[in-house]
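Working notes, beginning with the structure itself.
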Amino acid sequence: MNNVRLVLIGLLIPSLLMIPYSIISFYTDFANKNPEPAQVTVSFQGKVYNAIEGKRAFEQYQCMGCHSIVGNGAYFGPDLTNVYKRIKGNDAALAAYLLSGVPAKGMPPMREREMSEEDAYRTVAFLKYAQMLDTNGWPNNGSWDRDGNIDGVPAKQISPSGIWQIILGIIFINFLIFIVIMVYESEKEEEHD
Amino acid sequence: MIEYPSIARTGKYFVTAILLFIFQMILGLIMSFDFVLRGTSNTPVPFDILKSLHLNVMVLWLLLGFIGGLYFLLPKEVGRDVKYPVLIDFQFWFLLLIGIGIIISELFFTGKNWWLVEGREYVEAGRFWDILLTLGLLSVVYNVGITIHERKRHMSSPMLVLAAGAVGSILMYIPGEIWFNSIIAAEYFRWWVVHYWVEATFELIAAGAIALILLSITDVRREIIEKYLAIEVALVLITGIIGQGHHYYWIGTPGFWLFVGGLFSALEPVPLFLMAWSAYKDLKENKKPMQNKVALYMIIGATLGNLLGAGVWGFIHTLPQINFFTHGTQITASHAHFATPGTYLFLVLGFAYIAIPALSDRTNFFQLRGKIGFWILVIGFLNMIIALLLAGIIQVQLQRISGMSFMEVQNILLPFYGWRTIGGVIALMGGLVVTYDIIMIGRKKIV
Ligand SMILES: [Fe+2]
């Protein structure tokens, strides 16, 4: 009976605390000064696209399957939170980049995925919005993620000599793992006798 | 031989879960080639689709494994058979169909239809599948709930914890499905799915299941095994529910999360330590010769994987002062590849090694093959984990502190990605040994 009470306290107190915490996070003066997505827009050929449509396009084309946004997502490509800054707020350049990609570095041409120019500009609106978020200073000042340029470094591939450099490390670590297994198994043997 | 006929229907849950796990590993292995042969490999399926499949297939086999385990253990604990046994079959095929639907959608409709693919990490399955999946899972809740409601016996606390964890997991799928215009709110609630699964409800499943499995393979008294359970559960909830805050440092939410999230998530290893320690004590106390060594290996693996992968590897980057630099790097990948297979893979394998021999009446099966499979899995995963950890440390130093560009750093990390691929190949071999073993134990007896 006491146990049930303990578990219920463990469940209810933190759960109830999540309610004021969530309200403070979004609806009070404590909340960070974040932009309203409907108001962040880019225009293309006389039409205006906002960051809400942009978010939907960002999800639909699964950018998060290779990239991270506010640091969440995949790590195959760079974080996109500040890429709009990196490209110096040039909407047309960013849209063109998305559509033609850099296949040699793993960024697919979104045109091949049937992304329309409109959707490209929608995505740009979303990236413009992302860069305005108040993320408590992340990524850190001075790191490439904040102040860098569009990445011009060509991608390399692994070469056999590359892996040879760390082969000693691999052998060493696996030797350690092997010893642990042997110690564990021999102790089990003793217990049997 | 089998007291409650409905458990004969659970065998297919475990076998399918393990086969899907193999599929997940193959997907991961292909993705690892995208890292080492960047741009030139042209793997037939693009990275983002492989990645979403890698995650969604995992969610599917975790759910199948947990539901199978729940249905397998429930009747004995409540003293009656599951209320609607046909639902066990029906739910299996329904979930499997949804899984196939999700896989096909990912492969052919990514970027084309937001209702079929949403492209948000972990919850990529589109709205259409979300709704079907939620309905299927709610029917599991119903079947389990009504069975518990009409129980013939006082229900033991581990079973209650396990059932509460399963129900909680299913409910926690819903917050991630709400549409928000703001990326902040969307991420805020997407983490309710991911974090509350792996750091709250799945942990309850693990705590309950480990206790029940220890009960079934040792002769330690119930009271002793159950003694720590309530404290473990209370601590998991107290630290985990507010520990959510470690996902709210940098997504646009207020700075108080740095304090609250840091404080509570730093305490998250405490219940995991308690779980490992009490399991250790129970095993020390045990006098009964243990027949099913492989199940024991899996359970020890799960408790240690939980303690080290979730506890220690989580702790090293959960404080905001550190996370500021490690967030979004390979450190996270190392943690994820330690905590998830370390805890939940071994847990599902533990279920399988308890259930399959019992269902196929081969309780004196040959043990060596399963043990070898276990160790190969461990070696493979440890290689991946260490390679990714080193890659992460270098990435933090060069990209996040020194300010080198992303691609420049990726080029430097190539040898470590190569090491990770080697680890992946080893882990896949271990997985194949275990799968072969389980299929051999269950052959011709379970469908
Ligand atoms: Fe978490």
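The values are calculated or read from the model by the stated rules, or taken from the named source; none is laboratory data. Everything numeric here is computed off the predicted structure, so don't read it as measured data. Cβ placement follows ideal geometry from the backbone for every residue including glycine, while neighbour counts extend to all protein chains displayed.
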Within the range A:109-139, which residues are at negative phi, of a type in the set (S, T, N, Q) and surrounded by 14 or more Cβ atoms within 10 Å (Cβ to Cβ)? A:T123, A:Q131, A:T135
Sort out for me the helices (runs of 4 or more DSSP H) sitting completely within the range B:172-290 that have 1 or more residues that are within 16 Å of the ligand (Cβ to nearest atom). B:183-196, B:202-217, B:229-243, B:256-266, B:269-285
Is it true that A:D79 is crowded, with 22+ Cβ neighbours inside 10 Å and part of a loop (DSSP other than H, G, I, E, B)? yes
Within the range A:112-140, restricting attention to residues that are within 11 Å of chain B (Cβ to nearest Cβ) and not in a loop (DSSP other than H, G, I, E, B), which residue is nearest to B:Y248 (Cα to Cα)? A:A130
Sort through B:F109, B:F94 and tell me the only one that's modelled with pLDDT of 95 or more and either hydrophobic (A, V, I, L, M, F, W, C) or closer than 26 Å to B:W419 by Cβ (or both). B:F94
Is it the case, given these coordinates, that B:P85 is within 14 Å of chain A (Cβ to nearest Cβ), over 14 Å from B:M159 (Cα atoms), over 16 Å from the mean Cα position of the chain (by Cα) and of a type outside the set (A, V, I, L, M)? no
When you check B:K293 against the structure, is it free of Cβ contacts under 8 Å to residues at least 40 places away in the same chain and surrounded by fewer than 20 Cβ atoms within 10 Å (Cβ to Cβ), yes or no? no
With the requirement that a residue be assigned to a helix (DSSP H, G or I) and more than 15 Å from B:I67 (Cα to Cα), what does the range B:81-98 give you? B:L97, B:I98
Residues in the range B:104-122: is at least one within 16 Å of the ligand (Cβ to nearest atom), touching a helix residue (DSSP H, G or I) at 6+ places or on another chain (Cβ under 9 Å), closer than 28 Å to B:L307 by Cα and not in a helix (DSSP H, G or I)? yes
Among all residue pairs at least 6 apart or on different chains, which show Cβ distances below 7 Å where the first residue, located in the range B:238-256, is more than 7 Å from chain A (Cβ to nearest Cβ) and the second is in a helix (DSSP H, G or I) and of a type in the set (D, E, K, R)? B:G240/B:E199; B:G240/B:E203; B:G243/B:E199
Kindly indicate whether B:L377 is facing chain A (nearest Cβ under 10 Å) and among the hydrophobic types (A, V, I, L, M, F, W, C). no
Matching option when the condition is surrounded by 17 or more Cβ atoms within 10 Å (Cβ to Cβ), at pLDDT below 95 and in the same structural domain as A:L80 (by TED's automatic domain parsing), among A:G148, A:G106: A:G106
Any idea which of A:L80, A:L94 is away from chain B (no Cβ under 12 Å) and among the aliphatic types (A, V, I, L, M)? A:L94
Only one of B:I401, B:I422, B:I426 that is facing another protein chain (nearest Cβ under 10 Å) and at pLDDT below 95: B:I401
